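Everything on this sheet refers to the single structure shown next.
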Protein chains: 2
Amino acid sequence: MRVRRLTVIGVGLIGGSLAKALRQAGAVGEVVGCGRGRPNLEKAVELGVIDRFTHAIGEAVAGADLIFLAVPLGAMRPAFEAMQGRLAADAVITDGGSAKASVVADCAAVFGGELPNFVPGHPIAGTEHSGVEAAFAELYHNRRVILTPGAGTDPQALARVRAVWQACGAEVIEMPVAHHDEVLAATSHLPHMLAFGLVDALARMKENDEIFRYAAGGFRDFTRIASSNPVMWRDICMANGPALSAMLTEFSNEMTELADTIRRADGDHLLEIFQRAKAARDRYVDGLLESNE
Amino acid sequence: MRVRRLTVIGVGLIGGSLAKALRQAGAVGEVVGCGRGRPNLEKAVELGVIDRFTHAIGEAVAGADLIFLAVPLGAMRPAFEAMQGRLAADAVITDGGSAKASVVADCAAVFGGELPNFVPGHPIAGTEHSGVEAAFAELYHNRRVILTPGAGTDPQALARVRAVWQACGAEVIEMPVAHHDEVLAATSHLPHMLAFGLVDALARMKENDEIFRYAAGGFRDFTRIASSNPVMWRDICMANGPALSAMLTEFSNEMTELADTIRRADGDHLLEIFQRAKAARDRYVDGLLESNE
């Protein structure tokens, strides 16, 4: 499965960690980095994450047998455009975008249909930190990576991407694009909206200094994801808009109902909700996530 | 400041940790536990958290010079009733309730007005675990404790309670009851509603097993507080209903607006919200909390 030349477009936490993991596994020859910011790319060379870099995507992909697109979702389409006519015949492309329908559509728009060597993917991993300095080889260890191949995806390209992620210690799962986008809207995109929204609401209150002063440890955990990259999250909202906005509206209605339940002082109903939630979290979340670490 | 006899009513995480901290500080003679569940109280004796126990509050408070009420908010009023006529002349009472107006009202209803030796309090500390086995002496170390004395609170009782918390390593702050309840609605009660609500919503989806399977680390942090004690949280909702339901309704409206912004694909507005939230969290939350640890 050895990769001769890996090109990472977007050398941050996600892209940098893939390069580091493949290097640690001895599964990659040369790593070429591509991005807009020179200081970050220089840092990546200094840290040994990449061997060399260029700001031009067309140049970066030439001669690569594996290309990893780890840019915000809004930058996917221009990246595909810049690759056109520069790809080696055996080049396999995959990505790390948190929504898949938009990336598949971007690729199809540029290449005039499904590109057999493109395998859409999403590693379910990350931290609230970004940039190449946050990258580490173990990020994908025991994490799940979802691949969403289409009917026209080349089976050999799919097998290759699967093997790459397995070499990083990840568990690889396949599902349809639309299902991925709904599941992620529920488990990742919606929680991020709530965390961003809560911190923003509190920051807009008068005396917000004092408000934050009395926030306890639970608040810090709850809002950690509000420290995530704003550009990335704007792009996720734009890319997964229909699934996410529908889920957010529904959740918002449920919270209005909960406010009514509190106003009516309906203790039995409140207890029922809280008990069901606690049982679900204790059973599923800890159980499933811990089995995963 | 040495406490001759401490009575802890409700020997769980909060009550047990106060007893442990005062013992570790060498600041307490005897500790009497009081509660309903015999196994938990026997465990508390076995762990050395309390010296002896009784299920009768009237008996438990007799001869105590410090009484700590660490029961769910719904159990405060019956506890005050059971104390009546059994308190020593020098007995000082304080509590650990997460909402203060309701406790102050419960006390006044039972004693026919403000009780000079009652100092309402709230340690801003906790974990998602409960029960005496979760208690530890360092829980209050470098944490804030808010006291909300009234006009009729005896200054000596206030000084005593302040000294007790300081002996546990806490920083003590005073504020009016209503202000406490608003600040806590924003920083603690509202986030708990969102976490309980989100986990409950996901648990009610079909294929919820699968949904939780793809939840990443951020989801686990975000929903940790949904593993908190359901009875305690029902009581907090009932006790701080007006402040909490108002805040929840407002937040719910903001999330409906956010859904519209996503639907309109207004990227500039989304970026503005996310950037403001990230800046606030990075600046206030980490800064303030870390200075606090």
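The values are calculated or read from the model by the stated rules, or taken from the named source; none is laboratory data. Predicted model, so just to flag it, every value in this text is computed and none were measured. Quick reminder, even Gly has a Cβ in these numbers, built from the backbone with ideal geometry, and neighbours come from all protein chains shown.
So here's what we get for this one:
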quantity	calculated
Those residues of region A:1-23 which are within 16 Å of the chain's Cα centre (by Cα) and not hydrophobic (A, V, I, L, M, F, W, C), in sequence order	A:Gly10, A:Gly12, A:Gly15, A:Gly16, A:Ser17
Count of residues meeting criterion [assigned to a loop (DSSP other than H, G, I, E, B) and among the charged types (D, E, K, R)] in region A:52-96	3
Extreme residue, surrounded by the most Cβ atoms within 10 Å (Cβ to Cβ), among residues of region B:94-117 that are of a type outside the set (Gly, Ala, Ser), out of contact with any Asp or Glu (no Cβ under 6 Å at 6 or more places or on another chain) and without any contact (Cβ under 8 Å) to a residue 40 or more places away in the chain	B:Asp95
Residues satisfying the stated conditions in region A:124-159, i.e. in contact with a helix residue (DSSP H, G or I) (Cβ under 9 Å, 6 or more places away or on another chain) and aliphatic (A, V, I, L, M)	A:Ile124, A:Ala125, A:Val132, A:Ala134, A:Ala135, A:Ala137, A:Leu139, A:Val145, A:Ile146, A:Leu147
Residue satisfying all of: in region B:253-281; more than 7 Å from chain A (Cβ to nearest Cβ) and part of a helix (DSSP H, G or I); modelled with the lowest pLDDT among these	B:Ala279
Residue check for A:Ala60: in contact with a strand residue (DSSP E or B) (Cβ under 6 Å, 6 or more places away or on another chain) and closer than 22 Å to A:Pro39 by Cβ	yes
Single unsatisfied condition, A:Ala239 versus (1) more than 8 Å from chain B (Cβ to nearest Cβ); (2) closer than 22 Å to B:Ile225 by Cβ; (3) among the small types (Gly, Ala, Ser)	(2)
Number of the condition not met by A:Lys206 [criteria: (1) facing chain B (nearest Cβ under 7 Å); (2) more than 17 Å from B:Ala259 (Cα to Cα)]	(1)
Residue match in region B:51-65 (condition: outside the structural domain of B:His189 (by TED's automatic domain parsing), modelled with pLDDT of 95 or more and within 20 Å of the chain's Cα centre (by Cα))	no
Inter-residue pairs, beta-carbon under 6 Å, first farther than 20 Å from A:Phe111 by Cβ and in region A:153-179, second surrounded by 14 or more Cβ atoms within 10 Å (Cβ to Cβ) and small (Gly, Ala, Ser), 6+ apart	A:Ala167/A:Ala25; A:Ala167/A:Ala27; A:Cys168/A:Ala21
Extreme residue, farthest from B:Ala101 (Cα to Cα), among residues of region B:138-152 that are free of Cβ contacts under 8 Å to residues at least 60 places away in the same chain and crowded, with 16+ Cβ neighbours inside 10 Å	B:Val145
Count of region B:40-51 residues which are of a type in the set (Gly, Ala, Ser) and either part of a helix (DSSP H, G or I) or surrounded by 17 or more Cβ atoms within 10 Å (Cβ to Cβ) (or both)	1
Residues satisfying the stated conditions in region B:37-61, i.e. small (Gly, Ala, Ser) and in contact with a helix residue (DSSP H, G or I) (Cβ under 8 Å, 6 or more places away or on another chain)	B:Ala44, B:Gly48, B:Ala56, B:Gly58
Among the residues listed as B:Gly37, B:Gly26, B:Gly85, the single one being surrounded by fewer than 17 Cβ atoms within 10 Å (Cβ to Cβ), free of Cβ contacts under 8 Å to residues at least 40 places away in the same chain, within 23 Å of the chain's Cα centre (by Cα) and farther than 28 Å from B:Pro176 by Cβ	B:Gly37
Which listed residue, of B:Glu250, B:Glu293, is among the charged types (D, E, K, R) and either in a helix (DSSP H, G or I) or modelled with pLDDT of 90 or more (or both)	B:Glu250
Among the residues listed as B:Val145, B:Val164, the single one being of a type outside the set (Phe, Trp, Tyr) and away from chain A (no Cβ under 14 Å)	B:Val164
Given (1) of a type in the set (A, V, I, L, M); (2) crowded, with 23+ Cβ neighbours inside 10 Å; (3) modelled with pLDDT of 90 or more, number of the condition A:Ala215 does not satisfy	(3)
Positions within region B:216-247 being in a loop (DSSP other than H, G, I, E, B) and farther than 30 Å from A:Met238 by Cβ, in sequence order	B:Ser228, B:Asn229, B:Asn240
Odd one out for A:Glu250 among (1) touching a residue at least 60 places away in the same chain (Cβ under 8 Å); (2) more than 7 Å from every other protein chain (Cβ to nearest Cβ); (3) surrounded by fewer than 24 Cβ atoms within 10 Å (Cβ to Cβ)	(1)
Which numbered condition A:Arg2 fails, given (1) within 19 Å of A:Pro116 (Cβ to Cβ); (2) at pLDDT below 95	(1)
Qualifying residue in region A:174-187 (condition: away from chain B (no Cβ under 13 Å) and touching a Lys or Arg at 6+ places or on another chain (Cβ under 8 Å))	yes
Filtered residue count, region B:121-133, keeping only those that are modelled with pLDDT of 95 or more and either among the polar types (S, T, N, Q) or farther than 27 Å from B:Ala101 by Cβ (or both)	2
Residues of region A:209-225 that turn out to be more than 7 Å from chain B (Cβ to nearest Cβ) and β-branched (Val, Ile, Thr), as a count	0
